[in-house]
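Asker: I'd like to ask you about the structure that follows.
A short reminder: the numbers here are calculations on the coordinates, not readings from a lab. The structure presented is a predicted model; accordingly, all values stated were derived computationally and were not measured. In this analysis, Cβ positions are derived from the backbone assuming ideal geometry, glycine residues included, and neighbour counts consider all displayed protein chains.
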Amino acid sequence: MPPAHHHPATAGAADTRSGEVVLRLTEEMQADGVADIRWLLHDALLSGARRVVVDVREVDHLSSPAAASLLSAHRACRARGGSVVVRGANRRTLDLLRRTGLWRVLGLEDLGRTA
């Protein structure tokens, strides 16, 4: 059962016509653990999203467990002909995506922010 609370900063913008959902990650979400991130991704996928955009502009560093959650969501989106896109990654997050090889499978938008 999903947690009864959701962080207000994580409100997703869904465009049901295009099948796109935008999720904003925050430092607070990562501090609370990965469960909130997983549930947001789960909810996005249940809504029928084919493309999930994860905005990480408010995150100083994407955690490894959060990156693993993005990979799981990518697999589900890929099965629908869609994708997961990371938006606004800073250098530290890009380094993690490169080390893990996720930069090859996840889409990247609005790069170049410094940490």
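Asker: Tabulate in residue order the Karplus-calculated ³J(HN,Hα) for the range 22-31, using 6.51 cos²θ - 1.76 cosθ + 1.60 with θ = phi - 60°, rounded to whole Hz; enter x for Gly and Pro.
Answerer: With coefficients 6.51, -1.76 and 1.60, one gets 10, 10, 9, 8, 10, 4, 4, 5, 5, 5 Hz.
Asker: In what sequence, highest mean first, do 36-49, 87-100 appear when ranked by Cβ atoms within 10 angstrom?
Answerer: The peptides rank, most packed first, as 36-49, 87-100.
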